[in-house]
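Take a look at the structure below.
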Amino acid sequence: MSKRDTPSMNEPMNFDLFADDAPPAAPDSTASTAPPTQPATSTTQPHPALSDTAELLQLCERWVSRGWLRDLDLALVRFFERESQHAPPLLLLGAALASHQLGRGHVCLDLAATLEAPDFALSLPPEGDDLNDPPPLPSHLLATLTLPEWQAALSHPTLISDGPGNTPLVVSHSSNTSKLYLRRYWQFEQTLHLEIANRVSTGNAANSPPLKGALEILFPTSKSLDWQKNACALAASSPFAIITGGPGTGKTTTVVRLLALLQTLQLAEPSAHPLRIRLAAPTGKAAARLNESIAGQVKDLPLSGLESLLDEHAAAASSNAIDIPTEVTTIHRLLGARADTRHFRHNAANPLALDVLVVDEASMVDIEMMTALLSALPASAKLVLLGDKDQLASVEAGAVLGDLCRRADAAHYTPATAQWLAELTDHPLPESLIDPDGQPLDQAITMLRVSHRFTETSGIGQLAQAINQPLSEALRERDKHQAVHGVLNNGYADLHHLVLKPDAQNEDSALERLVINGSPERFPHAGEGRTNFKGEPMAPPTGYQYYLNTLASERPDTSLAFEENGEVYNAWAKQVLTAYSRFQLLCALRKGPWGVEGLNLRIAKTLRSEKLLFGNDYTLEKGWFEGRPVLVTQNDYGLKLMNGDIGITMAVPDPRSSSGAPGRSLLRVAFPTSDPENPIHWVLPSRLHAVETVFAMTVHKSQGSEFQHTALLLPQTPNPILTRELVYTGLTRARDWLTLIEAKRGILNDAVTREVMRVSGVAGKEN
């Protein structure tokens, strides 16, 4: 089978990228505490909905009315029931739950895990439903059902198959469970498996003189093992590579040097042309950040040394200019998204014109998008994925990077790979990372293990490490709680833990002070006296007051016409945007008083009370006002704005004002760009239709960003969305200062012991 072949509907792929089995994951372990319960029934009779289609549909309707099931899921089941004859109710139930799992990030429904923890199969309220006459929970419905009985019911000639055919459902059986898919997502997995398996190899290239010499130039000799150097060596030797690591481990630094290495190796070949390299990220914000990082590091590359190395080999003198691209695009734009469809201009029939593709923030890429990327790659192209495997997965279905990297901590490099790396880098690997049974995919993954941002004296780094440890036989919940609070109580200079104590009016002045000035007094020495890794003084923590004061104090003379003084107003906007990045409040939820909707209005009113913002309640909640920070929530190619872009609303002189009349102003929103010639993109508010105020931002939306001072707010009540991955992702958005806020004591303990485990077959048949 060639690399461009893709599995057909009649050709299921049964291989395992890791060739080992793992225990089945729970359908939704976004909650480790018990789900809502209802009084146990004394009957042992099967629920009538298990054998009566009308009863099942009626039960699904009740679930939909409570929000436990989606209308879409019920509509799919009704369609199957209407268009097919004699469909078993258990098959229809499986279809409803499999469809529902997609909305919760799972690729399929694991039958065995569902029977083990039935109530995680629906979107149940975290603390139960206090309404009258609740419908039966899945635990009641499935109390008498066995796995063989459910498996036996997954049979219908027009609805389901084990791969071959065009049935809308596909079931994959293994030794101890069955997984039920909607065919499209089964096909995504098949394509993903095939494309990756075709790209990974069991061996490494020979230690050619250009490779070893280029690595020595890019990575000067060190006394210890250099994981960045290892990552470049492994990625250079494989058509598919993953470089993962936590914040500050140097993923971007590594990939810049990797690109220089790849160009050098390419140009060392006789009559070679430079590689066509493209850089992409899931969101506009992530793309802009990668663009800025790469542009800042390319100038520090030892390009002259690499070009001298080329002269020693077979490259033609006219071909030895090593060019490293700095332009980063979004994945949607790279693939050529077609309006109002899920399809792209580039696909297997019309592949991308490139030799190397680097994708940053790969943890945010869902299975559908990753499949589209791999399908659109030429067979000869190299794909490099960058990302933190421990961050939150994509909002859509799948956790591709996490699945692919599930063995990265222990590496599992074969003895051959270990010897090859030792000869190439002059440093042996630890014995604990060598595995004679290591699989091909293991040899393509490097985990960067040294943080250059968070040292041993960093509370942020120590807290991230404590929170990121998964529960195990050796690490119980109580042990983890003690480890986390041990860090919080240690007095680290960059970390403050705030537990709110609302008064009778449910207002907490501590939160108000924080969003205004950052509450520097809560940090040791009021945040004064710290230096960064370069020894430069570090600014103390601040709040939103800082950027609003900058907006007012640095405002250009209003006599200067906006259209004729672009550089002046662009410089002002850059100052304000930079000042805004000094602080960001993150939260877990969208709705409610502790979600972005409630917090945005509350913060706006707080800032108004300090005379930092102006406007009535309606304007602050639904209108436009100077100082309003906005987040783009949908790609807008016409305005050249991408999902995740942040802009600040600013008042500029109105060109319609007469020279003799008092100056009027109009509002425009300033967005940063990566174009040095036009660093600010000014947009009229009336043209922005998919934006929201962003005094408070969800942790999901913050991925790909970093802020000097990050405040992470956990709500008052437990919620399935509160997981260790969410807390880890939120706190690692902080660069210099972190304020961790609990709206009620104990929420943090609940969150750090709840883990996300998405059901899929990406990492193995039993994952």
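Structure values in brief
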| read-out | value |
| --- | --- |
| Selection count where residues are small (Gly, Ala, Ser), in contact with a strand residue (DSSP E or B) (Cβ under 6 Å, 6 or more places away or on another chain) and open to solvent by 10 Å² or more (accessible area, probe 1.4 Å), scope the range 689-737 | 0 |
| Members of the range 258-291 that are assigned to a helix (DSSP H, G or I), open to solvent by 30 Å² or more (accessible area, probe 1.4 Å) and either under 29 Å from GLU396 (Cα atoms) or at pLDDT 90 or above (or both) | LYS285, ALA288, ARG289 |
| Complete set of residues in the range 347-358 that are touching a helix residue (DSSP H, G or I) at 6+ places or on another chain (Cβ under 7 Å) and either among the hydrophobic types (A, V, I, L, M, F, W, C) or modelled with pLDDT of 90 or more (or both) | ALA348, PRO351, LEU352, VAL356, VAL358 |
| Selection status of VAL576, part of a helix (DSSP H, G or I), exposed (fewer than 15 other Cβ atoms within 10 Å of the Cβ) and either at pLDDT below 95 or under 31 Å from the mean Cα position of the chain (by Cα) (or both) | no |
| In the range 443-501, the residues that are assigned to a loop (DSSP other than H, G, I, E, B), in contact with a Phe, Trp or Tyr (Cβ under 6 Å, 6 or more places away or on another chain) and open to solvent by less than 70 Å² (accessible area, probe 1.4 Å) | ASP494 |
| Residue within the range 64-76 that is modelled with pLDDT under 90, over 30 Å from ALA348 (Cβ atoms) and part of a helix (DSSP H, G or I) present | yes |
| Pairs where the first residue, in the range 132-147, is within 19 Å of GLU61 (Cβ to Cβ) and the second is among the polar types (S, T, N, Q) and not in a loop (DSSP other than H, G, I, E, B), C-beta under 9 Å, 6+ apart | PRO135/SER65; PRO138/THR114; LEU142/THR114 |
| Residue, modelled with the highest pLDDT, within the range 502-521, restricted to residues that are polar (S, T, N, Q) and open to solvent by 30 Å² or more (accessible area, probe 1.4 Å) | ASN517 |
| Checking PRO524 against (1) open to solvent by 20 Å² or more (accessible area, probe 1.4 Å); (2) under 17 Å from PRO629 (Cα atoms), the condition it does not meet | (2) |
| Matching strands (runs of 3 or more DSSP E) fully within the range 321-439 where at least 2 residues are among the hydroxyl-bearing types (Ser, Thr, Tyr) and either open to solvent by less than 10 Å² (accessible area, probe 1.4 Å) or in contact (Cβ under 8 Å) with a residue 40 or more places away in the chain (or both) | 328-330 |
| Some residue of the range 544-566 being at pLDDT 90 or above, of a type in the set (D, E, K, R) and open to solvent by 40 Å² or more (accessible area, probe 1.4 Å) | yes |
| Residue within the range 633-654 that is assigned to a helix (DSSP H, G or I) and modelled with pLDDT under 90 present | no |
| Tally, over the range 516-560, of residues that are of a type in the set (A, V, I, L, M), within 25 Å of ALA571 (Cβ to Cβ) and not in a loop (DSSP other than H, G, I, E, B) | 3 |
| Selection status of PRO134, open to solvent by less than 50 Å² (accessible area, probe 1.4 Å), modelled with pLDDT under 85 and in a loop (DSSP other than H, G, I, E, B) | no |
| The range 622-635 residues that are at positive phi, paired with ones that are open to solvent by 50 Å² or more (accessible area, probe 1.4 Å) (beta carbon under 9 Å, 6 or more apart) | GLY627/ALA552; GLY627/PHE614 |
| Yes/no for VAL487 being β-branched (Val, Ile, Thr), under 21 Å from LEU714 (Cβ atoms) and in contact (Cβ under 8 Å) with a residue 60 or more places away in the chain | no |
| The range 625-660, residues that are open to solvent by 70 Å² or more (accessible area, probe 1.4 Å) and aromatic (Phe, Trp, Tyr) | TYR637 |
| The range 292-307, residues that are more than 30 Å from LEU392 (Cβ to Cβ) and open to solvent by less than 60 Å² (accessible area, probe 1.4 Å) | LEU301, PRO302, LEU303, GLY305, LEU306, GLU307 |
| Any hit, the range 604-625, residues being within 24 Å of the chain's Cα centre (by Cα), modelled with pLDDT of 90 or more and not polar (S, T, N, Q) | no |
| Test: residue in the range 359-373 that is hydroxyl-bearing (Ser, Thr, Tyr) and at pLDDT 90 or above | yes |
| Those residues of the range 58-99 which are farther than 13 Å from LEU159 by Cβ, surrounded by fewer than 20 Cβ atoms within 10 Å (Cβ to Cβ) and either over 33 Å from the mean Cα position of the chain (by Cα) or not acidic (Asp, Glu) (or both), in sequence order | GLN58, GLU61, ARG62, VAL64, SER65, ARG66, GLY67, ARG70, LEU72, LEU74, ALA75, ARG78 |
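To keep it simple, each residue is scored yes or no on (1) within 21 Å of VAL652 (Cβ to Cβ); (2) polar (S, T, N, Q); (3) in contact (Cβ under 8 Å) with a residue 40 or more places away in the chain.
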{"position": "GLY527", "(1), (2), (3)": "no, no, yes"}
{"position": "THR531", "(1), (2), (3)": "no, yes, no"}
{"position": "PRO537", "(1), (2), (3)": "no, no, no"}
{"position": "THR542", "(1), (2), (3)": "no, yes, yes"}
{"position": "THR550", "(1), (2), (3)": "yes, yes, no"}
{"position": "LEU560", "(1), (2), (3)": "yes, no, yes"}
{"position": "TRP572", "(1), (2), (3)": "yes, no, yes"}
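The values are calculated or read from the model by the stated rules, or taken from the named source; none is laboratory data. Note that this is a predicted model, so its numbers are computed, not measured. Counting neighbours? That spans all protein chains shown, and the Cβs are built from the backbone with ideal geometry, glycine included. Side chains included, ligands, DNA and RNA excluded: accessible areas come from the protein's heavy atoms. Shrake-Rupley method; radii C 1.70, N 1.55, O 1.52, S 1.80 Å.
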